[in-house]
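Engineer: Below: one structure in structure tokens.
The values are calculated or read from the model by the stated rules, or taken from the named source; none is laboratory data. Please read all numbers here as calculations on a predicted model, not as lab measurements. Neighbour counts run over all protein chains shown; Cβ positions are idealised from the backbone, glycine included. For the accessible areas, the whole protein counts, side chains as well, though only heavy atoms, and no ligand, DNA or RNA atoms are used. Shrake-Rupley method; radii C 1.70, N 1.55, O 1.52, S 1.80 Å.
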Amino acid sequence: MTRRPLLLRLVDELLSGRGIWPAVPAIVVLVVVAVIPFGVLLSLGFSDITVSRGVIVSQEFSLGHLATALADPLYHITFQRSLTLALTTTLFCALLGFPVAYLFLIGGPWTRRIILVLTIAPILTSGIVRTYAWIVILGGRGVVNATLMEFGLISQPLRIINTHWAVLIGMVQIHLPIMILPLIAVMSRHDTRLEEASANLGASRLATLRTIILPLSVPGLGTGAALVFTLSYTTFVVPQLLGGGNYLNAATMVYEQVVYSLQWSKGAVTAMILMASCLAVLLVFAWLTHIATRWTRVAQR
């Protein structure tokens with residue numbers, strides 16, 4: 001039996017779609033946009049570099065920037081604020097998103113269409129545009145203050161914009177669809193016979209929601225929480241615009257260190273801490289989701 005040349009076998013596999021060839025374009029894109037930038041980030045974070053006119057003229061290995069960042073109280077405060085903001089945003093998105101997904105589950109066809117349109121439509125608009133809309137709504141002469149003053153509830157405008165609450169409101173509104181969509185996807189796969197059996201056994205709708213629907217929705221909650229947390233923890237636009245430029249979180253810290261201070265090594269170290277801490281929280285989310293869904297996996301065996 002004659003062995004075919006390697007090149008012909010590779011071409012044959014490529015044309016037939018066998019092996020890893022269908023995934024090669026995605027692998028190349030990941031290497032270009034993720035692996036190579038991450039390698040550059042590591043090289044900058046663990047180096048003492050000298051920059052002249054935007055060009056690195058010398059680079060030496062050093063752990064000094066990482067040690068300095070881990071001991072700096074400003075880093076502790078900034079990352080604690082970023083973590084608190086992201087977790088609070090995730091909690092509010094879960095509390096607001098679950099009832100919407102449940103209404104989608106029990107609603108009729110028109111209710112489902114309306115919910116899907118209202119959920120997906122904001123995603124089609126840029127986050128920057130939605131953030132600027134919140135500046136108009138929450139500003140000193142915005143909709144909120146004008147309405148409160150019109151009803152005589154306040155005598156002068158409240159200071160809402162450029163505060164932590166403005167950032168939190170904007171983050172929840174922008175990331176809420178990211179929580180709702182995984183919940184809808186998971187709830188849509190529920191076996192409706194379980195709810196019928198619960199009702200036949202005399203359980204109320206609230207008891208069915210608590211003992212049947214909520215536990216089965218944990219995978220959607222876990223996925224939505226992971227997505228919302230990642231986006232909230234690493235976001236830059238919302239804190240920068242609604243915080244008035246004085247709201248320092250981890251992402252804005254990276255921006256200021258790289259763009260304004262030209263401290264590339266410090267910016268790289270901050271970005272690495274941001275990625276590592278984000279990954280650690282995601283692992284906690286995955287572990288909690290695994291624990292919460294353990295009984296459903298056992299039941300499906």
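Engineer: Rounded to a whole number, what % of the accessible area of the chain do carbon and sulfur atoms account for, probe 1.4 Å?
Structural biologist: Numbers: 12710 of 18250 Å².
Using a 1.4 Å probe with all protein chains present, the chain comes out at 70 percent carbon and sulfur.
Engineer: At each listed q (0.08 Å⁻¹), what is the log10 of I(q)/I(0) that the Debye formula gives for the chain modelled as equal alpha-carbon point scatterers?
Structural biologist: -0.54
Engineer: Separate question: How large is the charge dipole for the chain, taken about the Cα centre, if only the Cβ atoms of Lys, Arg (+1) and Asp, Glu (-1) carry charge, to the nearest 20 debye? Walk me through the numbers before you get to the answer.
Structural biologist: Numbers: 19 positive and 10 negative charges, 156 e Å.
Using only the charged Cβ atoms, the result is roughly 760 debye.
Engineer: Rounded to the nearest 0.05, what FRET efficiency do L116 and V24 have when you use their Cβ-Cβ distance and R0 = 51 Å?
Structural biologist: Values: r = 35 Å, r/R0 = 0.68.
Working from the Cβ atoms, E equals 0.90.
Engineer: Give the dimensionless ratio obtained when the Cα radius of gyration of the range 108-236 is divided by 2.2 N^0.38 Å. Display every interim value, and only then the final one.
Structural biologist: Details: Rg = 19.5 Å, N = 129, 2.2 N^0.38 = 13.9 Å.
The range 108-236 yields a ratio of 1.40.
Engineer: A further question on this structure: Note the direction-averaged projected area, equal to a quarter of the hull surface, for the Cα convex hull of the range 206-301, in nm².
Structural biologist: Working: hull surface 33.4 nm².
The Cα convex hull of the range 206-301, projected and averaged over all directions, gives 8.4 nm².
Engineer: Looking only at A226, A207, A280, which one moves most when the chain is put into a Gaussian network model with springs between Cα atoms under 10 Å?
Structural biologist: A207
Engineer: What three numbers, in Å, describe the spread of the alpha carbons of the range 145-184 along their principal axes, ordered from the longest?
Structural biologist: Extents along the principal axes: 43, 21, 10 Å.
Engineer: Additional query: Would you work out which of L74, T289, A226 lies farthest towards the positive end of the dipole of the chain, given +1 charges on the beta-carbon of Lys and Arg and -1 on that of Asp and Glu, about the Cα centre?
Structural biologist: Checked the options; the winner is T289.
Engineer: Just need the relative contact order of the chain here, percent rounded to a whole number, with Cα pairs under 8 Å and 6+ apart.
Structural biologist: On the way: 303 pairs, mean separation 69.5, N = 301.
Result for the chain is 23 percent.
Engineer: If the elastic network links every pair of Cα atoms under 10 Å, which of L168, L158, L105 fluctuates the most in the Gaussian network model of the chain?
Structural biologist: The residue with the greatest mean-square fluctuation here is L158.
Engineer: Another one. Specify the inter-centroid distance of the range 34-109 and the range 219-271, based on alpha-carbon positions, in whole Å.
Structural biologist: 6 Å
Engineer: Please list, in chain and number order, the residues 5+ apart from V51 or on another chain whose amide H is under 5 Å from its amide H, with Hs placed from the backbone.
Structural biologist: So V51 has HN proximity to V57.
Engineer: Under 8 Å for C-alpha pairs, at least 6 residues apart: give me the relative contact order for the range 156-301, rounded to a whole percent. Mind showing how you got there, number by number?
Structural biologist: Numbers: 122 pairs, mean separation 42.4, N = 146.
Over the range 156-301, the number comes to 29 percent.
Engineer: Can you tell me the accessible area per residue over the range 148-205, all protein chains present, probe 1.4 angstrom, in square angstrom?
Structural biologist: Values: 3590 Å² over 58 residues.
Per-residue accessible area for the range 148-205 comes out at 62 Å².
Engineer: Let me see the pair-distance distribution of the range 1-156: every alpha carbon pair, 10 Å bin width, integer percents in order.
Structural biologist: Percent of pairs per bin, in order: 8, 12, 19, 23, 20, 13, 4, 1, 0, 0.
Engineer: Ignoring ligands, DNA and RNA, what accessible area per residue does the range 84-138 give at 1.4 Å, in Å²? Mind showing how you got there, number by number?
Structural biologist: Values: 3120 Å² over 55 residues.
Result: 57 Å² of accessible area for each residue.
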